[in-house]
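Visitor: Okay, here's the structure, questions in a sec.
FYI, it's all coordinate maths here, none of it is from the lab. Keep in mind that this is a model prediction, so the values were computed, not measured. Cβ sites come from the backbone with ideal geometry, for glycine too, and all protein chains shown count toward neighbours.
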Amino acid sequence: MGDFHLKDEITILDPESITLERNRFGDLTLKLGDETYEKVRIMRAFPLSFPEKYIVFRVRNEEIGLLEDAEKIADTSRQILEDELRKAYFIPRITRICSLEENHGASKWKVETDYGMREFDVRSRDDIKVLPPFRVLFRDADGNRYEIPDCRRLDPKSQSLLDSET
Amino acid sequence: MREYRHQPRGIRNGREKQAQISEQDDSENLIEPIPENIRPHLDPVIGAGEEIKISLSTDMTLDGSYGTDWLVATDQQLIALNFNGQESPDITQISLGEIEAVEAQNLFGNNILKLRLTDRGVEVARYTKSLTRKFARASPKIRELIRQSKPESSEQEDQDHYGPREEKRAQRCEQCGRPIPHWAGVCPHCIEKRRLIFRLLNYALPYWPIAAIALLLLLVITVISLAPEMLLGKVLIDRILAPSYPRLELGFQNDLDDGVLSPALRQVLRSNKVRLSEDAVISVEQAGNKWQIRDKDNYTITRDGAILNVRREPDIFDKIISFFLIREENPDPKSLLVKVIVALILINIVTNALGAIRGYMMAWLGQRITYDLRNETYAHLHRLSLNFYNTRETGNIMSRITNDVHRLQDFVAEGLQDMIHNTVMLFIMGSIMLKLNWKLGIFAMLPTPLIVILSIEFGKRMHKVFHRLWRRWAGLSAILADTIPGVRVVKAFAQEEREVDKFETRSYDLFENELGAAKLWTVFGPTMQFVTFISNIIIWLVGGLQVIAGEITLGVLMIFMGFMMRFLGPVRMLSRLHQRFQRAATAAERVFEILDTQPDVADKPDSVELPDMQGRVEFRNVSFSYDGNKKALDGVSFEVSPGEMIGLAGHSGAGKSTLINLICRFYDVDEGAILIDGVDLRDIKVKSLREQIGVVLQDPFLFNGTVAENIAYGTPNATMAEIIAAAKAANAHDFILNFPDGYDTIVGERGARVSGGERQRISIARAILKNPRILILDEATSSVDTETESLIQEALERLIRGRTVFAIAHRLSTLKHANRLLILREGQLDEIGTHDELLEKDGTYAKLCRLQTELSRIRAW
């Protein structure tokens, strides 16, 4: 029973040695030096606070390792990583709030997002989370997520609608 | 290794200081004056040269009835006078040398003081629970006397306390003896209201300019706010709408004979409500058709041909109004009306504007004081030791920071100002009314005492009724809180009907009480209305007569009517002043009690940091008691080398948790010392010590925040990678990643409920990240399924590597990694050794092991 060292507990991947590709099935493939992992799953450890950092690579629930900073890997791989992340974490950004109806604490939102128009219901104010200073996250009644990266950038009408709920 | 230094007693902590002080006080209380009827029985048995050290009366006799016995101790003997229903008492004399032990037996509803002699036991006094404290002070004193009487005596056994556990906190006020209400924690009768209010005002002191300006504004507003009534009466009615003294046209000439009014002129004047006194004509300046009469201070009548101008002598209020409004001699009514209207509008704007400014200033002041007080109290709460929290309920402490502080703000910002405002208002209105017409003024204020009495009486009743109502509501909620979560049990036992009946009974009770409250309201409202009406009627009647008689003008009557409307509100408010003061004072006391409590465990000025702790722990003859009576730990000594894992076992209440509390220095030891790396715990800075102690508790507590924040709670500077590593080591990484928000998941938020096993792993990660030299595990693997338990065990094995570990576990199997086991029994160290050694010894541990093996066999069945 050797001494315990915290840093032995995780495998931090060297960004230089990472190559991400897609195989012919479109699955994500991770090449790590000589080793190749197929059907790799990626997860964000801190999806809210550090979305582009601390990305976990896994194969069938076995952890391959942790990528500390997505920006450090080669451009082609990075493009693939970002596509993959965008697929795995679908969080449309709200650019405008068109209307808002409130009913007994639940609210119906009609918004413009970077993916198009969308209507959704929020069950309670607890599902609208303001991350200081200006980031706002929504979780709708069905578990979908939306975000406003910086609520100051919204137009005044959208801002006043948002203020009434946060 | 540093040498162990024992600190001088007395400066160690506040608790001890207090104990010493009260001991001093008590020695005086232990000698009660002996009444005349007892003296004759006592004197013969006390020898010359003996000095009475203790004389106490009981409130029960030994045979168990209420009555008074006496217990007297001199420096040589102890004398008990027991009446037992007889005229003269049985006298028991025991020489102090014979006494082996003094026992204060705490029984149910009464206590007995018993002396244990070499060959027998003697009960000497019996008393109810009311005298528990008095006699609790007596027994140590008796013991002291015994010690003094036989100086060679060795250790004597203190079997002082047994029986039901006594309440920890005083239930009665030490000053007045009244019971202290459960909710208050302080005696509402004995708090010095004035002192408290002044202390509270201290918090306003830094902001005194604001308070002064606000007060000034208040006075100005109060005065100005009375102006509209005066303007309406004095100008609008008396001079514009219904001038009481019109110009009179006379049809005759010979009205004045040698300076005396003719009866005809008197008649005319009288019919116009001008009543001149008999000796009215004081100055007559006759020049042709013009003359002038002055009637003392009341009237000036000027005659100009056939026209009589009657003018009332202006009083002080008229003069003030004239100064502001009417400069010319005979103003035009229309332009005067416009002036009055403009003045009314201006007054309204000014009072409202000043009122708004004042309101904001007071709100600022109130909020500012609350802010200071709230933060100071909260910061102080965190400085206080665990001992403070043990003796109080969480809800009670919380309510002090929220409700009580709020109440104080309300009082400072509103209550005090209201009081000043209302007092000033009443004073000014009263003076004006008396000045306008003292007779009518007195009549108008006649019903005031009645209103005061009614308001106070109603306030008291309402208070009672609402309390009752509140309790009923609480009872009803309690039923709901009980049965809805317990609905499975209700259904399983088919007790729905009974529950419904129970609810209905309570509900009806509430219904009746609500009606009671409604009745009170509906009676009070009309009663007050009626009294108000009566005072109005009095003014109409008395004032009306006065108007008819010409003693006052219609305008003055209207001023009275207007004032009466505004007079009663402040009266009612002031009637409830006492209640308001009382409430604020109690709230203040509760808040200040926190601020006045000194932390038991505090850093000494010369305490040291201990940055590179090895983890060697040594207990040297450690004794500790939570309440000063029962020893939770009693003379425990052992030594643990760095990196050793010690399993703590023993029955519940054996002192396992106490031992751990002492290592963490949540409390200071009473006797002996705990040394870490050879340094006395009390010489180490508390912060430095706790930084190197990690705790994984039975039911780990997670704060409202993200998972990452919770893991890094003890190490806020940890990097994200370190947090992930710690979570992995604690087998928590996988389930955390499976939350949609990963490490950003807010603990306890909907959709991310953290189960018990998960909580434990997060808290293990917390401890791993903190990397402490000394680790404390409190039954870390209870109540989880087998798979989770193995995950936790695995995590723990990683955690304990290379650290000094103290582990409490009821299940002995969880202690299999322990190097040595420490078995406690009733606060004392019973056995210490390895598993095998202890089994070999066949003592307490071996017995526990056998019991558990049997139990698990039954379970496995």
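Visitor: Just check chain A against the gyration tensor rule for me: Cα atoms, a ≥ b ≥ c as the square roots of the eigenvalues, rounded for a/c under 1.5, and otherwise prolate or oblate depending on whether a/b exceeds b/c.
Guide: Note, shape of chain A comes out prolate.
Visitor: Something else about it: Sort A:117-125, A:105-113 by packing, meaning the average of other beta carbons within 10 Å per residue, with the highest value first.
Guide: For the peptides A:117-125, A:105-113, the packing ranking is A:105-113, A:117-125.
Visitor: Compute the FRET efficiency between A:Asp8 and B:Asn819 as 1/(1 + (r/R0)^6), taking r as their Cβ-Cβ distance and R0 = 22 Å, and round to the nearest 0.05.
Guide: 0.35
Visitor: Here's a follow-up. What is the spin-label model distance, in nm, from B:Val45 to B:Glu794 if the labels are put 7 Å beyond Cα along the C-beta direction?
Guide: It works out to 7.7 nm between the two label points.
Visitor: What ranking do B:677-689, B:518-530 get when scored by the average of other Cβ atoms within 10 Å per residue, highest first?
Guide: The most tightly packed comes first, giving B:677-689, B:518-530.
Visitor: In whole angstrom, note down how far apart the Cα centers of region B:568-598 and region B:660-675 are.
Guide: Value for the Cα centre distance between the two parts: 41 Å.
Visitor: Just checking the output field for B:788-800: average partner chain Cβ neighbours within 10 Å of each residue's Cβ?
Guide: 1
Visitor: Can you give the mean number of other chain Cβ atoms that lie within 10 Å of the Cβ atoms in peptide B:98-105?
Guide: Mean number of neighbouring Cβ atoms from other chains: 0.
Visitor: Moving on to the next point. Loop only by DSSP, 15 or fewer other Cβ within 10 Å of the Cβ. Give me the chymotrypsin sites (Phe, Trp or Tyr not before Pro) in region B:655-718 that pass, ordered by residue number.
Guide: B:Phe701, B:Phe703
Visitor: Let me ask you something else. Between B:Arg801 and B:Leu386, what is the FRET efficiency for a Förster distance of 41 Å, r being their Cβ-Cβ separation, to the nearest 0.05?
Guide: The calculated FRET efficiency here is 0.90.
Visitor: Please state the shape class of region A:94-163: rounded when a/c is under 1.5, otherwise prolate if a/b exceeds b/c and oblate if not, all from the C-alpha gyration tensor.
Guide: Because its axes are fairly even, with a/c under 1.5, region A:94-163 counts as rounded.
Visitor: Let me ask something additional. Return the average number of partner chain Cβ atoms within 10 angstrom of each residue Cβ along peptide B:722-734.
Guide: Partner Cβ neighbours, averaged per residue: 4.
Visitor: Once you place label points 7 Å from the Cα toward the Cβ at B:Gln148 and B:Lys334, how far apart are they in nm?
Guide: 10.4 nm
Visitor: Round to the nearest 10 and give me the degree value, 0 to 90, for the angle of helix A:75-88's Cα axis relative to the longest principal axis of chain A.
Guide: Tilt relative to chain A: about 50 degrees.
Visitor: Shifting gears a bit: How do the peptides B:60-67, B:789-796, B:30-37, B:141-148 rank, highest first, by the average count of neighbouring beta carbon atoms within 10 Å per residue?
Guide: The densest-packed peptide leads the list: B:789-796, B:141-148, B:60-67, B:30-37.
Visitor: Between region B:77-123 and region B:396-449, how many Å separate their Cα centres?
Guide: Taking the Cα centre of region B:396-449 as reference, the centre of region B:77-123 is 61 Å away.
Visitor: A further question follows. With a cut-off of at most 15 other beta carbons within 10 Å, and DSSP calling the residue loop, which GluC sites (Glu not before Pro) in region B:618-663 qualify? Please list them.
Guide: none
Visitor: Ok, one more. Take the alpha carbon gyration tensor of region B:31-162, find the square roots of its eigenvalues, order them as a ≥ b ≥ c, and report rounded if a/c is under 1.5; if not, report prolate when a/b exceeds b/c, else oblate.
Guide: Because a/c hits 1.5 or more and a/b fails to exceed b/c, region B:31-162 counts as oblate.
Visitor: Sticking with this structure for a sec: Report, ordered by chain and residue number, the lysines lying within cross-link reach of B:Lys460, taken as a straight Cα distance under 18 Å and ignoring same-chain residues fewer than 8 apart.
Guide: Cα-Cα hits under 18 Å: B:Lys519.
Visitor: Can you tell me the FRET efficiency between B:Ser95 and B:Glu826 if r is taken as the Cβ-Cβ distance and R0 is 30 Å, rounded to the nearest 0.05?
Guide: So, using R0 = 30 Å, E works out to roughly 0.35.
Visitor: In the structure displayed, which of A:Lys53/B:Lys685; B:Lys770/B:Lys841; A:Lys39/A:Lys129; A:Lys39/B:Lys728; B:Lys53/B:Lys129 lie more than 27 Å apart, Cα to Cα?
Guide: From the list (A:Lys53/B:Lys685; B:Lys770/B:Lys841; A:Lys39/A:Lys129; A:Lys39/B:Lys728; B:Lys53/B:Lys129), the Cα-Cα distance tops 27 Å for A:Lys53/B:Lys685; B:Lys770/B:Lys841; A:Lys39/A:Lys129.
Visitor: Shifting gears a bit: Given points 7 Å out from each Cα along the Cα-Cβ axis, report the B:Glu854 to A:Glu71 separation in nanometres with one decimal.
Guide: About 6.9 nm, to one decimal.
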